[in-house]
Amino acid sequence: MSQPEMQLYRARILHFLQEPAEQGEAAWEYFDDGILVVEHGYIKALGPAEPLLRQYHGPVEHFPDHLIIPGFVDCHIHYPQTEMIAAYGEQLLSWLNNYTFPTELKFSDPQYAGAVAKFFLDELLRNGTTTALVFCSVHMQAAEAFFREAQKRNVRMIAGKVLMDRNAPVDLCDTPDSGYLQSRELIQRWHGVDRLQYAVTPRFAPTSTQEQLAKAGDLLQEFPDVYLHTHLAENSGEVAWVKRLYPSAKHYLDVYDQAGLLGRRSIFAHGVHLCDSECERLAHSRSVIAHCPTSNLFLGSGLFDMAKMRRYGVRIGLGTDVGAGTSFSLLRTMDEAYKIQQLQGEKLDPFQALYLATLGGARALDIDSKVGNFERGKEADFCVLDLQATPLLKFRLQRAGTLCELLFVLQALGDDRLIERTYVLGRCAHRRSQIGVL
């Protein structure tokens with residue numbers, strides 16, 4: 001069944017133009033009764049309903065008691081770890097050895113990898129996430145499987161084959177040369193194809209030698225528009241281990257810096273245990289920290305100092321970090337991010353939280369010219385939130401007097417049940433089943 005050239009979506013609508021922490025109320029546009037006009041999968045117009053209904057003609061989908069926002073952007077997540085989410089009782093390093101590595105060994109089987117990639121991508125869409133920066137496994141065929149499934153859904157995804165040449169099971173290790181050659185082949189095959197992009201992906205400094213990290217730097221030089229995606233200073237034991245493995249480095253970040261891995265398309269997950277010098281270098285290089293609150297709490301890794309990152313001007317995005325993270329939902333992630341700041345005597349404003357999950361995430365991934373808000377000409381990736389998805393939510397929102405309060409309630413009480421629909425390039429990619437919905 002063909003889709004009309006132009007479609008109109010009517011609901012409450014909110015998106016961001018700038019960062020709320022810097023611009024205040026000028027940072028967003030909100031329409032209590034708005035119209036989003038989509039033409040051929042791209043944003044045509046946005047504004048109050050009545051004038052746009054007179055100006056534009058096409059099918060209208062009306063969503064009373066719903067809020068339309070841009071699709072969520074997840075800045076750090078692992079697709080092979082989907083089946084081991086909620087693995088009990090460990091902190092980072094023992095968790096990797098006892099759960100992660102045995103699970104990722106299964107991804108040598110391309111059929112198995114494809115089946116998990118299919119479930120993973122469907123789960124992202126079910127949670128309103130339309131773009132993600134994704135770890136695959138060390139296996140080239142697992143990355144291929146992910147890209148194929150993402151291509152079928154026409155989603156904007158960034159992913160890469162993991163690089164590991166030490167301190168992991170032998171069947172999960174490549175070499176500096178094989179990792180370079182396989183990554184290069186994947187870049188040439190997938191980067192820039194449809195809505196797919198590639199990230200050079202060393203797991204973290206302890207599982208790569210200096211030679212392998214240098215090869216990763218060579219790839220960034222050879223293909224300057226690809227991404228760098230790895231982990232940084234997640235756990236205090238990890239930081240101490242890196243110091244032993246790289247005694248000549250000034251600090252953890254310097255290990256990556258010496259290999260030429262910093263830049264505006266370099267995303268480092270976590271950054272919980274960073275010194276002042278590391279923060280200064282991250283800011284100067286325009287590198288990004290992906291804050292992963294549910295993971296940091298689940299593994300007992302520590303509390304991310306968002307206020308410190310802001311003081312230094314470090315760019316930040318939000319990541320679910322499934323499977324150490326405990327939910328695919330960026331609403332749940334925003335809620336835990338708020339609590340982490342509360343534990344440090346800070347507040348995370350709900351406008352700032354939603355900004356980080358949408359336009360802020362797009363900016364962190366350097367794709368804000370394409371997605372992240374509803375500016376004319378951008379790709380029409382968005383989700384429709386049901387403001388009456390649960391009895392408690394409906395009851396509570398009847399007493400929400402301001403937009404700020406509404407957003408905070410959605411953040412504190414929301415999860416995948418709120419996602420009525422998810423749209424990718426103007427096409428409905430997920431529609432919530434009414435079975436079992438209260």
May I ask you to derive the FRET efficiency for THR402 and LEU303 from their Cβ-Cβ distance with R0 = 30 Å, giving the value to the nearest 0.05?
0.55
Could you list which residues have their amide H under 5 Å from that of HIS15, counting only those 5 or more apart in sequence or on another chain, with H placed in the peptide plane?
GLU29
Determine ³J(HN,Hα), in whole Hz, for all residues of the range 332-338 in sequence, where each value follows from phi through the Karplus function 6.51 cos²θ - 1.76 cosθ + 1.60 and θ = phi - 60°; x replaces Gly and Pro.
5, 5, 4, 4, 5, 4, 4
Mean-square fluctuation check for the chain, GNM, Cα pairs under 10 Å: which of GLY24, GLY345, GLY325 is largest?
GLY345
On C-alpha positions alone, give me the angle between the axis of helix 110-126 and the longest principal axis of the chain, in degrees, nearest 10.
40
Cut-off 10 angstrom, C-alpha nodes, Gaussian network model of the chain. Which of PHE395, PHE374, PHE146 fluctuates the most?
PHE395
Derived scalar couplings ³J(HN,Hα) [the range 16-25; Karplus, 6.51 cos²θ - 1.76 cosθ + 1.60; whole Hz; x for Gly, Pro]:
10, 9, 8, 8, x, 4, 9, 10, x, 5
Collect residues whose amide H, placed 1.01 Å from N in the peptide plane, falls under 5 Å from the amide H of ALA199; neighbours closer than 5 in sequence don't count.
ALA159, GLY160, TYR227
Taking R0 as 30 Å, what's the FRET efficiency between ALA412 and TYR312 from their Cβ-Cβ distance, rounded to 0.05?
0.55
Give the order of HIS284, HIS76, HIS273, HIS139 when sorted by the count of other beta carbons within 10 angstrom, beginning with the fewest.
HIS284, HIS273, HIS139, HIS76
Pick from TYR112, TYR252, TYR227: which residue has the top mean-square fluctuation in a GNM of the chain where Cα pairs under 10 Å get a spring?
TYR112
MRE, 222 nm, helices only [DSSP H, n ≥ 4, -39500 (n - 2.57), over the chain, to nearest 500]
-10500 deg cm²/dmol
Along the Cα→Cβ direction, 7 angstrom out, place labels at ARG427 and LEU181. What is the inter-label distance in nm?
3.7
Reported label for calculated Kirkwood radius over Cα pairs in Å given [x] 24.0; [y] 21.9; [z] 22.5:
[y]
What is the local net charge at GLN151, summed over the other residues whose Cβ is closer than 13 Å to its Cβ (Lys, Arg +1; Asp, Glu -1)?
+4
Pairwise centroid distance, computed over Cα atoms, of the range 266-323 with the range 170-239, Å:
19
Between beta-carbons, use under 13 Å as the cut-off and find the net charge around SER248, counting Lys and Arg +1, Asp and Glu -1.
+1
Holding the Cα-Cα limit at 32 Å, pick out from LYS161/LYS243; LYS106/LYS339; LYS250/LYS308; LYS118/LYS347; LYS215/LYS347 the pairs that are longer than that.
LYS106/LYS339; LYS118/LYS347; LYS215/LYS347
Computed label-point distance, nm, for sites ASP171 and GLN23 using a 7 Å Cα→Cβ extension:
5.2
Calculate how steeply helix 276-285 sits against the longest principal axis of the alpha-carbon atoms of the chain, using the helix alpha-carbon long axis, and give the answer as 0 to 90 degrees to the nearest 10.
70
Tell me, THR209, THR103, THR230 in order of fewest to most beta-carbon neighbours within 10 Å?
THR209, THR103, THR230
Amide H neighbours of ARG156 under 5 Å, at least 5 residues apart or on other chains, H built in the peptide plane: list them.
none
If I take R0 = 56 Å and measure r between the Cβ atoms of TYR88 and PHE395 in this structure, what FRET efficiency does the formula 1/(1 + (r/R0)^6) give, to the nearest 0.05?
0.95
Within the range 11-46, what residues put their amide N at less than 12 Å from the label point 7 Å along the Cα-to-Cβ vector of GLU5?
39-40
Compute the acute angle (0 to 90°) between the alpha-carbon long axis of helix 236-245 and the principal axis of greatest extent of the alpha-carbon atoms of the chain; round to the nearest 10°.
40
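FYI, it's all coordinate maths here, none of it is from the lab. Just so you know, these numbers come straight off a predicted model, no measurement behind them. Using ideal geometry, Cβ is built from the backbone for each residue, glycine included, and neighbour counts are taken over all protein chains shown.
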